[in-house]
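The values are calculated or read from the model by the stated rules, or taken from the named source; none is laboratory data. As the structure is a computational prediction, the values presented were derived from the model and not from experiment. Cβ placement follows ideal geometry from the backbone for every residue including glycine, while neighbour counts extend to all protein chains displayed. For accessibility, only protein heavy atoms count, side chains too; no ligands or nucleic acids. Shrake-Rupley method; radii C 1.70, N 1.55, O 1.52, S 1.80 Å.
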Amino acid sequence: MAAEGPATRRVQVAEHPRFLKLKEMFNSKFGSIPKFYVRAPGRVNIIGEHIDYCGYSVLPMAIEQDMLIAVEPVKTQTLQLANTNPLYTDFSTSANNIQIDKTKPLWHNYFLCGFKGIQEHFGLSSLTGMNCLVDGNIPPSSGLSSSSALVCCAGLVTLTVLGMNLSKLLAKYRGLQWDKVLRLEEVQAKLGVSLEEMLQITEDTLHPEPYSPEEVCRCLGISLQELRTQILSPNTQDVLTFKLYQRAKHVYSEAARVLQFKKICEEAPDNMVQLLGELMNQSHASCRDMYECSCPEVDQLVDICRKFGAQGSRLTGAGWGGCTVSIVPADKLPSFLTNVHEAYYQRSDQDFTFEKQSLFATKPGGGALVFLEA
């Protein structure tokens, strides 16, 4: 199969208000017009929480909200970044001396990550500069991957400027021994059993009571020092108890729900939406009780969404706050939005002002694209 470059589409800028406004703002900012535009969507994880890094598939969906960047390559080696949102200040740096301050999560650092990632991947030492104007309508800090969309956008911007091929960006998987990194999926694969069987093995092998570090060491036949240096991360070295049973139960049951969700979508039975909703509800219960990554505010919002017409509702975007995702029949959508707005945002004890971005409907959106003006 021939390698394909970035997906490209022609667009009549004058017929699309957002593109036209971005073009005009770009001209006002840089005194020129963009050569192309790049779009990358936000995403919501419909089901499959905290199992991707255990080796299992999840089921995300691109949403209609996105990041859109207007771009003009320039002959200098200066990278100039601006944002349509005045809260995000302009930034300028040398394209060949990218420095990212990890202690400060400034908006432009996400662009620099995508830019520098391409630079380092291809071993490039002399990059052309560019003028970029960023416009985003993904709610920030909501678990909808606004930062990831900006990183992806920046990477695609850089590839397009360089005329390079996306097909070269392939990751390599390497299996490691348990004493370095052993994911739960690898345990299942080595045993050659199903997810349902892994749930039973979890029941038979692990006890529901939390494990102490000393008990973990006895089970593995290692010292506390080996546990801290070979297995635990810097963030978990001082943890006093490990809920291994609960975490494993969540991962294996959630991985099974993802596969069930996929199967239902493929078979499309008459009660498909009901069945999908039930899986989403089960997912939230597992996140709340087994993985303990929910919080009272999210639980309250999930209950309100179900009360007012959601067939299923669950936390998404890792949890501990953030965002919920609900599956709602189209004919119930207007009343659903109104009732949830009133029940949660207007009556909440939380000290915040409701914003349009906090509650919105979306259908599946398209993927990343490069737009050329027709």
Taking first residues from the range 195-214 that are touching a residue at least 24 places away in the same chain (Cβ under 8 Å) and closer than 13 Å to LEU244 by Cβ and second residues anywhere that are open to solvent by less than 90 Å² (accessible area, probe 1.4 Å) and part of a strand (DSSP E or B), the pairs with Cβ under 9 Å that are 6 or more apart or on different chains are PRO210/PHE242; TYR211/PHE242; SER212/PHE242; PRO213/PHE242
Filtering the range 137-162 down to residues that are over 14 Å from the mean Cα position of the chain (by Cα), aliphatic (A, V, I, L, M) and open to solvent by 30 Å² or more (accessible area, probe 1.4 Å) yields VAL161, LEU162
ASP331: passes all of (1) buried (at least 20 other Cβ atoms within 10 Å of the Cβ); (2) assigned to a helix (DSSP H, G or I) but (1)
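Of all the residues that make up the range 290-306, how many are in contact (Cβ under 8 Å) with a residue 40 or more places away in the chain, open to solvent by 30 Å² or more (accessible area, probe 1.4 Å) and not hydroxyl-bearing (Ser, Thr, Tyr)?
So the first thing to find is which residues in the range 290-306 are in contact (Cβ under 8 Å) with a residue 40 or more places away in the chain, and the list is 290-293, 297, 300-301, 304.
Going one step further and asking which of them are open to solvent by 30 Å² or more (accessible area, probe 1.4 Å), we end up with 290-292, 297, 300.
Cutting the leftovers down to not hydroxyl-bearing (Ser, Thr, Tyr) gives us 290, 292, 297, 300.
Total satisfying the criteria: 4.
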When restricted to GLY309, GLY277, the only residue open to solvent by less than 10 Å² (accessible area, probe 1.4 Å), farther than 26 Å from LEU206 by Cα and not in a strand (DSSP E or B) is GLY277
Take ASN109 and tell me if it is free of Cβ contacts under 8 Å to residues at least 40 places away in the same chain and either basic (Lys, Arg) or over 30 Å from LEU279 (Cα atoms) (or both). yes
Looking across the range 50-93 at residues that are in a strand (DSSP E or B) and of a type in the set (Asp, Glu), the single one that is farthest from ASP289 (Cα to Cα) is GLU72
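Would a scan of the range 274-282 turn up a residue that is under 19 Å from the mean Cα position of the chain (by Cα) and within 18 Å of LEU144 (Cβ to Cβ)? Step through it out loud before you land on a result.
Going residue by residue through the range 274-282, those that are under 19 Å from the mean Cα position of the chain (by Cα) are 280.
Those left that are additionally within 18 Å of LEU144 (Cβ to Cβ): 280.
Looking through the range 274-282, at least one residue is under 19 Å from the mean Cα position of the chain (by Cα) and within 18 Å of LEU144 (Cβ to Cβ).
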